[in-house]
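One structure is given below, encoded as structure tokens.
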Amino acid sequence: MALDKDKVAHIARLARIRVEDKDLAPIGKELDQILSWIEQLNEVDTANVEPMTSVASLKLKRRADQVTDGGYPEKVVANAPAAAHGYFTVPKVVE
Amino acid sequence: MAALTDLTLAAARDGLKKKSFSAKEIAEAHIKAVEGARALNAFITETPDKALAMAAQSDARIAKGEARPLDGIPLAIKDLFCTEGVLTTAASHILDGYKPQYESTVTSNLWRDGAVMVGKTNLDEFAMGSSNMTSYYGPVESPWRRQGDNRPLVPGGSSGGSAAAIAARLALGATGTDTGGSIRQPASFCGIVGLKPTYGRCSRWGIVAFASSLDQAGPFARDVRDTAILMRAMAGHDPKDSTSVDMEVPDFEATLDKGVKGLKIGIPKEYRVDGMPAEIEKLWNQGIEWLRAEGAEIREISLPHTKYALATYYIVAPAEASSNLARYDGVRFGLRVNGDSLDDMYERTRAAGFGAEVRRRVMIGAYVLSAGYYDAYYLKAQKVRALIARDFEQAFGQVDAILTPTAPSAAFAIGDKMDDPIAMYLNDVFTVPASLAGLPALSLPAGLSGDGLPLGLHLIGRAFDEATVLRAARTIEKAANFTARPGAAS
């Protein structure tokens with residue numbers, strides 16, 4: 001299976017990573033190489049195997065549903081590249 | 001008396017208590033060593049002022065007779081742990097200028113016990129790599145050199161800066177994180193000890209996430225006892241990480257010297273891979289003989305799905321990474337590259353902020369999770385992962401610990417293997433299976449390659465049985481009597 005340029009552009013879009021047109025083919029080749037190596041897993045019979053979703057087989061702990069943190073918006077936005085009045089700011093998204 | 005930078009952590013602890021030297025003196029000696037070793041590029045941020053302030057507090061407590069378990073011990077912290085008010089980069093451009101407003105639980109535990117931070121160490125970007133060459137801050141040089149060859153070598157990765165710092169005597173211990181081998185492989189390359197504990201033993205809270213079902217914090221030190229001491233301090237339940245286990249943390253140091261008499265040690269036949277260098281095979285056989293001579297019973301075991309572990313890992317880890325790294329969007333922290341729209345800003349920020357290996361893994365992850373491919377890749381990998389974990393479960397019905405080599409080679413030169421991702425991934429062929437199963441595993445230096453580089457042996461234990469792993473490691477350590485040290489530290 002080969003990844004064509006459209007497919008790579010689609011993956012890049014899903015990953016929200018801008019890829020220049022000229023880089024689509026070389027990246028496709030790289031990803032292809034890794035994906036075809038990964039396909040060796042098809043040799044393994046997993047017909048009656050439950051997928052492993054967590055290493056820890058323990059039950060999650062419960063706690064009281066209480067607010068235990070917060071109330072410091074200035075700390076929350078302290079590292080924002082752009083913030084105003086205790087809010088994160090982003091480019092305009094409504095017309 | 002030995003130089004203060006050459007002490008073991010245990011000796012420094014005992015000397016501080018007896019007031020043979022002060023925390024200030026140890027801190028100053030290490031600050032000077034860190035400054036003198038900048039050519040290694042082991043640190044992204046040095047924190048000498050913080051070290052001196054923390055050492056002064058330690059000295060005050062020691063004077064009052066209130067010394068804590070790690071008072072005055074200088075540690076290097078992988079720059080993947082959030083440290084309050086101190087730049088935390090994950091070695092990525094995308095976290096430019098990020099100063100966390102909180103402290104990770106593992107580092108909080110270390111400071112609670114009195115340890116002193118000398119700086120934040122370099123790593124592969126977002127801990128993705130086995131060479132430390134993917135760091136935005138440049139590669140780390142190992143303090144080791146091949147005999148008669150002055151080419152700089154990699155320290156391994158991803159915790160390469162921490163491992164190089166310990167080998168070069170820049171701190172008495174360090175933190176690392178291990179997702180597929182990122183503590184154990186650099187420990188092997190740098191001739192030191194590194195322990196990845198059982199998944200859940202340490203809190204992941206405040207550690208920059210790579211692959212959440214695999215990431216674990218663990219210690220580096222120059223011997224097994226020091227590793228045991230640090231492990232105890234780092235571990236423990238944390239309500240802020242729902243996967244951290246509420247279980248007593250044993251005094252690992254107290255049981256170190258119990259020996260291996262009567263222990264059953266498994267030797268997995270599937271780890272005798274084609275093309276394994278003769279000197280690695282020889283060292284492995286030597287390790288078996290050392291354990292046998294001390295009364296361990298050696299048994300051949302089978303872990304039949306071993307050969308599929310790497311491919312499984314390279315689906316599961318990128319999938320989780322693509323999800324975890326979605327948070328780097330130019331909004332809440334770090335780099336922002338402006339664009340025509342919100343989406344354009346995201347895409348430009350992430351293209352500029354992530355390096356090539358991180359972009360590659362995030363894209364692989366996005367692909368294997370995407371509609372139409374999820375079952376074929378991600379679900380399949382989760383099923384094979386279950387089989388790998390079952391292999392270990394069955395093996396641990398017959399044995400108490402498993403012995404293998406840590407890595408298929410000694411350290412390689414900086415720049416090698418960069419054009420072939422899969423060749424790079426093969427570094428972790430022996431470490432990844434234990435990661436997938438969540439088991440504790442340790443690497444310790446056991447011998448030298450023909451050209452004078454350290455080689456590690458790898459012990460894997462039952463879940464939450466770090467104590468047996470450390471005991472067996474201590475036995476090998478005594479037999480191996482590894483005294484070689486890197487040129488830069490001799």
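The values are calculated or read from the model by the stated rules, or taken from the named source; none is laboratory data. Note that the coordinates shown come from a computational prediction; the quantities given were computed from them, not determined experimentally. Positions of Cβ are generated from backbone atoms using ideal geometry, with glycine treated the same way; all protein chains shown enter the neighbour counts. When the accessible area is computed, the model is the full protein with side chains, heavy atoms only, and any ligands, DNA or RNA have been set aside. Shrake-Rupley method; radii C 1.70, N 1.55, O 1.52, S 1.80 Å.
Of everything in the range A:74-95 that's outside any loop (DSSP other than H, G, I, E, B) and within 7 Å of another protein chain (Cβ to nearest Cβ), which residue is surrounded by the most Cβ atoms within 10 Å (Cβ to Cβ)?
This residue is A:Phe88.
Looking at the range B:251-280, which of the residues that are closer than 22 Å to B:Leu195 by Cα and open to solvent by 50 Å² or more (accessible area, probe 1.4 Å) is farthest from the other protein chains (Cβ to nearest Cβ)?
B:Asp257
Considering the range A:48-66 alone, what residues qualify as being more than 30 Å from B:His237 (Cβ to Cβ) and either within 25 Å of the chain's Cα centre (by Cα) or facing chain B (nearest Cβ under 9 Å) (or both)?
A:Val49
Could you list all residues from the range B:373-415 that are charged (D, E, K, R) and at the interface with another protein chain (Cβ under 8 Å from one of its Cβ atoms)?
Across the range B:373-415, the qualifying residues are B:Lys380, B:Lys383, B:Arg385.
Conditions: (1) under 18 Å from B:Arg222 (Cα atoms); (2) open to solvent by 10 Å² or more (accessible area, probe 1.4 Å); (3) under 15 Å from the mean Cα position of the chain (by Cα). B:Leu459 meets all but one. Number of the miss?
Just one mismatch for B:Leu459, condition (2).
Looking only at residues in the range B:355-372 that are over 27 Å from the mean Cα position of the chain (by Cα) and over 13 Å from A:Ile38 (Cα atoms), which one is nearest to the other protein chains (Cβ to nearest Cβ)?
Step by step, filter the range B:355-372, then rank; the result is B:Ser370.
If you scan the range A:4-29, which residues turn out to be part of a helix (DSSP H, G or I) and more than 9 Å from every other protein chain (Cβ to nearest Cβ)?
Filtering the range A:4-29 for residues part of a helix (DSSP H, G or I) gives A:5-14, A:21-29.
Result: A:Lys5, A:Asp6, A:Ala9, A:Asp21, A:Lys22, A:Asp23, A:Leu24, A:Ala25, A:Pro26, A:Gly28, A:Lys29.
Within the range B:338-363, restricting attention to residues that are assigned to a loop (DSSP other than H, G, I, E, B) and of a type in the set (Gly, Ala, Ser), which residue is most open to solvent (accessible area, probe 1.4 Å)?
So the residue we want is B:Ser341.
With a cut-off of at least 1 residues that are at pLDDT below 95, name the helices (runs of 4 or more DSSP H) lying wholly within the range B:375-490.
Counting at least 1 such residues, we get B:421-425.
Mind listing just one residue for me: the one in the range B:241-295 that is part of a loop (DSSP other than H, G, I, E, B) and of a type in the set (A, V, I, L, M) and, of those, nearest to B:Ala410 (Cα to Cα)?
For the range B:241-295, the residue satisfying everything is B:Met276.
Examine the range A:30-40 for a residue that is facing chain B (nearest Cβ under 10 Å) and in a loop (DSSP other than H, G, I, E, B), and state whether such a residue exists.
No.
From the set of residues in the range A:1-17 that are free of Cβ contacts under 8 Å to residues at least 12 places away in the same chain and surrounded by fewer than 19 Cβ atoms within 10 Å (Cβ to Cβ), which is farthest from the chain's Cα centre (by Cα)?
A:Asp6
Out of B:Arg61, B:Arg68, B:Arg13, B:Arg38, I need the residue that is open to solvent by 20 Å² or more (accessible area, probe 1.4 Å), closer than 24 Å to B:Gly487 by Cα and charged (D, E, K, R). Which one?
Working: B:Arg61 fails: closer than 24 Å to B:Gly487 by Cα; B:Arg68 fails: closer than 24 Å to B:Gly487 by Cα; B:Arg13 fails: closer than 24 Å to B:Gly487 by Cα.
Selected residue: B:Arg38, the only one of B:Arg61, B:Arg68, B:Arg13, B:Arg38 that is open to solvent by 20 Å² or more (accessible area, probe 1.4 Å), closer than 24 Å to B:Gly487 by Cα and charged (D, E, K, R).
In the range B:306-333, which residues are open to solvent by 10 Å² or more (accessible area, probe 1.4 Å), facing chain A (nearest Cβ under 7 Å) and either touching a strand residue (DSSP E or B) at 6+ places or on another chain (Cβ under 7 Å) or in a loop (DSSP other than H, G, I, E, B) (or both)?
B:Val331, B:Arg332, B:Phe333
Does the range B:334-342 contain at least one residue that is under 30 Å from B:Gly97 (Cα atoms), more than 9 Å from chain A (Cβ to nearest Cβ) and not β-branched (Val, Ile, Thr)?
No, every residue in the range B:334-342 fails to be under 30 Å from B:Gly97 (Cα atoms), more than 9 Å from chain A (Cβ to nearest Cβ) and not β-branched (Val, Ile, Thr).
What is the number of the single condition among (1) more than 30 Å from B:Arg336 (Cα to Cα); (2) more than 7 Å from every other protein chain (Cβ to nearest Cβ) that A:Asp69 does not meet?
(1) is the only condition that A:Asp69 fails.
Among B:Lys32, B:Lys18, which is without any contact (Cβ under 8 Å) to a residue 12 or more places away in the chain, closer than 30 Å to B:Asn132 by Cα and open to solvent by 20 Å² or more (accessible area, probe 1.4 Å)?
B:Lys32
Is there any pair with a first residue in the range B:216-241 that is over 20 Å from B:Lys258 (Cα atoms) and of a type in the set (A, V, I, L, M) and a second that is at pLDDT 95 or above and surrounded by fewer than 21 Cβ atoms within 10 Å (Cβ to Cβ) whose Cβ atoms are under 6 Å apart and which are 6 or more apart or on different chains, and what are they?
Close Cβ pairs satisfying both conditions: B:Ala233/B:Asp113; B:Ala235/B:Val249.
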